[in-house]
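To keep things clear, I will list the structure first and then write my remarks on it.
The values are calculated or read from the model by the stated rules, or taken from the named source; none is laboratory data. None of the values given here were measured: they were computed from a predicted structure. Don't worry about glycine lacking a Cβ; one is built from the backbone with ideal geometry, like all the others, and counts go over all protein chains shown.
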Amino acid sequence: MTLRLAILLGAVALHAEPLVTGFERFHAATPTAEGGRLLYNELGCVNCHGGETGLPALRGPALATVTQRVRSEWLRKFVADPASAHPGAVMPQVLAKADDKTLAAIEHYLASLKPKAPAAKGPARIMHVNGSRGGELFHTLGCVACHAPGAGYVPPEGAPQASEFTHRSVAFGDLKAKYSLDSLGAFILDPLKVRTDGRMPKTAMDKQDAIDIAGYLLEFQGSDGRLDKPVVAVVADKNLAIAGRKAVIAAQCAACHELPKDAAAKPLALKKNEGGCLEADHAKGPRYALSEAQRASLKLFLAKKDEAASPKLAADLTLQALNCVACHERDGKGGPDAARKPYFQGDHNLGDTGRYPPPLTGVGGKLRPEWLAKVLAPRVDAKGAELFTSHYKADETRIRPYLKTKMPQFGAATAALAKLLGVADARAALKFEGGDDTAGRKLLGTQGGAGCITCHRWGDRPSLGIQGPDISNIAARLQEGWLREYLINPAGYRPGTLMPSFWPGGKSFNPGILGGDTDRQIAAIFKFAESANGEPEGFPQNRNGEFEIVPKDRPVVQRAFLDGVGVRAILVGFPTGVHLAYDGDKGGPGLAWKGRFFDAYLTWFSRFPTFEKPIGEQVVAWPKPAGRFLGYRLDARGNPTFLNEQGGVKVEETYEGVENGLRRTVTWAPTPDFQPTIHHPAGLAPAELPATEGRRVFTYLWK
């Protein structure tokens, strides 16, 4: 394993036992029946032996396309001994005695299977790959909540110490031996197509994001994806497939995997406390290398296997099974450990609430049932294709767009979770009576009110300062009882929050509105949000959008804080319709996009400038530069030339707008043994004019 993907010391130790993260983190220290219930579900015991755990079913990955997704040598090794190919695998060794001939027959049987629907199209093979960008995405989107970070990526706060890792990470095994660039990219783009049980959830990203992450994980060298060695699909031999089918039936594979009816598994009798899988060494059946803690917990569960799980226990164990508690804290447990916290990035102006996902403590009594169901439950279009909810489509529709970690979707695994949480966290019902929406408008505003819009967005209106969560939808999102308790004592729900109480101890801060009646004031706020009748008092008269910069006759230059570039971004808008953001800190192009240029409202008027985004489309990003910025100049037509230094040599970059694109001219004084480092944006290969001494010219075109 190379240095870049070396696992940080202490992040993962070598263990023989299957890894069920929720068990190891919350139950391994003291064996319990609850931990045994989690294991009985997550090791697939229930699939063979039956029973009801109250948890979403664990299913094996789709097998009808497996020979097209993974390499033949890896597949045979995994089938023979899962833990040897994938450390911590929860699949037991069921074919320990299989010889090479049997393994080949099983592979041919799997190759003969036909998927119910055509395989989803993943990233195309011919593409640009940016592994450096993929590493940035891997470490900021939330992947390291479950997987170990790479040693070559250092977060802004510095790399963690080995002692700060408190639990094992989900191992990858030898990804190069298993995947090609495009097959791993397709899996990362939509894991639920392969792992329908949701244990590897789906994170909103585009194809280029997925292929870049795959490039990082596979340590792909270069940027031309065509050079990668593809997975060669096995062509099934009929006779071998027949023999393989018999081996699959004998191994009871259909208990966990979706297979044709003629390969169905039979229910297996269960011995409660002795023999079979629970023993360290047994001659028949699946072999699990269980730890003593795992074995003890399973025995405790089996002793009272017929006892149903309460809604709270089922909800808590579901959150552990899906590893939601890797990101979220609930009832004082879970959340990222000290080693992983530096990788959770967002708006540091908001403190911890601007970086870490919100607690799930009492979430079933916090969110309205219909809202919680919308967040958790899978949604499908008219053809049955799964969709993300609106919270995941674009940053501007997310409640907390400042969090770089994205909430993934778990598919059918969370279908029952909203109801479970609603029952488990049920609180005494409270219904606000009446509610004066005029008073609510004033209370939320800055003209004699609590000034909520100083820190909170209101729909499409950014706050006047730091950009806290959108509060225009609190009536649709939050239960009345929870809202009342939170407004009176915010720190009681989330210690360390920047949110103050304007009703400390239940006493109103403003006796001049509604007679200082706390309940009436809170009801008024709720009523105003529910009414959608305008916006709170205090927003500037000029709305966002009225300060949009539109380049017309010549390029326009604007300094700004830009997400993905930094606090010294130099934005250049070209009348030809493709625009540039240059990194005025390190010296190098950062982003480019097509269409609309930039809305300067917050940059010009906010007391607390925030990281803005381009308002156009088809945004592409360059790798982070590593030079020294020396300034810029404009020519007679307004085109910028940026001055940088690389290795002691001054390099100039001139950008000009062309139809549907940009022309980039890089020049330097010819110097022996020096060539400037020139990167290109991910997913956008340039056309280059013939190079001359000390000069290279590239043209980037958008569709």
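For segment 592-609, does any single residue satisfy the condition of being among the acidic types (D, E), in the same structural domain as I678 (by TED's automatic domain parsing), closer than 28 Å to L403 by Cα and at pLDDT 90 or above? Taking every residue of segment 592-609 in turn, none turns out to be among the acidic types (D, E), in the same structural domain as I678 (by TED's automatic domain parsing), closer than 28 Å to L403 by Cα and at pLDDT 90 or above.
Rundown of residues vs (1) in contact with a helix residue (DSSP H, G or I) (Cβ under 6 Å, 6 or more places away or on another chain); (2) under 24 Å from H680 (Cβ atoms); (3) at pLDDT below 90; (4) part of a strand (DSSP E or B), yes/no style:
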| position | (1), (2), (3), (4) |
| --- | --- |
| A177 | yes, no, no, no |
| R199 | no, no, no, no |
| G222 | no, yes, yes, no |
| R245 | yes, no, no, no |
| E258 | no, no, no, no |
| K272 | yes, no, yes, no |
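Among the residues of segment 588-595, not a single one is free of Cβ contacts under 8 Å to residues at least 40 places away in the same chain and touching a helix residue (DSSP H, G or I) at 6+ places or on another chain (Cβ under 6 Å). Taken residue by residue, segment 226-241 has no member that is under 20 Å from G411 (Cβ atoms) and free of Cβ contacts under 8 Å to residues at least 60 places away in the same chain. Scanning segment 422-466 for residues that are of a type outside the set (V, I, T), touching a residue at least 40 places away in the same chain (Cβ under 8 Å) and touching a Ser or Thr at 6+ places or on another chain (Cβ under 6 Å) yields D437, C455, W458, G459, L464, G465.
Each row is one residue, and each column tells you yes or no for (1) surrounded by fewer than 22 Cβ atoms within 10 Å (Cβ to Cβ); (2) at pLDDT below 95; (3) in the same structural domain as P623 (by TED's automatic domain parsing); (4) acidic (D, E).
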| residue | (1), (2), (3), (4) |
| --- | --- |
| S112 | yes, no, no, no |
| P118 | yes, yes, no, no |
| A124 | yes, yes, no, no |
| T140 | yes, yes, no, no |
| H147 | yes, no, no, no |
| G152 | yes, yes, no, no |
| S163 | yes, yes, no, no |
| I188 | no, no, no, no |
| K193 | yes, yes, no, no |
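Exactly one residue out of L662, L630 is modelled with pLDDT of 90 or more and part of a strand (DSSP E or B): that is L662.
Picking from residues in segment 665-703 that are among the acidic types (D, E) and over 20 Å from N639 (Cα atoms), the one that is modelled with the highest pLDDT is E693.
A523 meets each of the listed conditions (1) closer than 30 Å to G332 by Cβ; (2) surrounded by 18 or more Cβ atoms within 10 Å (Cβ to Cβ) apart from (1).
Scanning segment 341-368 for residues that are small (G, A, S), part of a helix (DSSP H, G or I) and closer than 15 Å to P156 by Cβ yields a total of 1.
When V325 is tested against (1) hydrophobic (A, V, I, L, M, F, W, C); (2) more than 16 Å from the chain's Cα centre (by Cα); (3) not in a loop (DSSP other than H, G, I, E, B), only condition (2) is not met. Of the residues F611, F605, which is touching an Asp or Glu at 6+ places or on another chain (Cβ under 6 Å) and within 30 Å of T454 (Cα to Cα)? Going through F611, F605 in turn, the sole match is F611. Residues that are buried (at least 22 other Cβ atoms within 10 Å of the Cβ), within 16 Å of R664 (Cβ to Cβ) and not charged (D, E, K, R) within segment 575-611 comprise V578, H579, L580, A581, Y582, G587, G588, P589, G590, L591, A592, W593, listed in sequence order. In summary, A105 fulfils each of the numbered conditions (1) at pLDDT below 95; (2) of a type in the set (A, V, I, L, M, F, W, C); (3) more than 22 Å from S180 (Cβ to Cβ); (4) in contact with a Gly (Cβ under 9 Å, 6 or more places away or on another chain) with the single exception of condition (1). When each of L184, L268, L240, L278 is tested for being in contact with a helix residue (DSSP H, G or I) (Cβ under 8 Å, 6 or more places away or on another chain), surrounded by 21 or more Cβ atoms within 10 Å (Cβ to Cβ) and of a type in the set (A, V, I, L, M), the lone residue that passes is L184.
Tallying residues that are under 28 Å from the mean Cα position of the chain (by Cα) and in a loop (DSSP other than H, G, I, E, B) within segment 561-584 yields 3.
Which members of segment 469-508 meet the condition of being over 28 Å from G534 (Cα atoms) and without any contact (Cβ under 8 Å) to a residue 12 or more places away in the chain? Matches in segment 469-508: A491, G492, P495. Residues that are touching a Lys or Arg at 6+ places or on another chain (Cβ under 6 Å) and of a type in the set (F, W, Y): does segment 482-505 have at least one? Scanning segment 482-505 turns up at least one residue that is touching a Lys or Arg at 6+ places or on another chain (Cβ under 6 Å) and of a type in the set (F, W, Y).
Of all residues in segment 398-453, those that are assigned to a loop (DSSP other than H, G, I, E, B) and not acidic (D, E) total 30. Filtering segment 617-627 to residues that are in a loop (DSSP other than H, G, I, E, B) and either surrounded by fewer than 17 Cβ atoms within 10 Å (Cβ to Cβ) or at pLDDT below 90 (or both) leaves P623, K624, P625, A626, G627.
Restricting attention to segment 633-670 and to residues that are buried (at least 17 other Cβ atoms within 10 Å of the Cβ) and of a type in the set (A, V, I, L, M), the residue that is farthest from G694 (Cα to Cα) turns out to be L662. Evaluate the following for D212: is it farther than 28 Å from C256 by Cβ, of a type outside the set (F, W, Y) and surrounded by 19 or more Cβ atoms within 10 Å (Cβ to Cβ)? Criteria met by D212. Residue-level check: of (1) more than 26 Å from G35 (Cα to Cα); (2) crowded, with 18+ Cβ neighbours inside 10 Å; (3) over 17 Å from the mean Cα position of the chain (by Cα), N349 misses just (2). With respect to being assigned to a loop (DSSP other than H, G, I, E, B), touching a Leu at 6+ places or on another chain (Cβ under 9 Å) and either of a type outside the set (A, V, I, L, M, F, W, C) or at pLDDT below 90 (or both), L95 fits the description.
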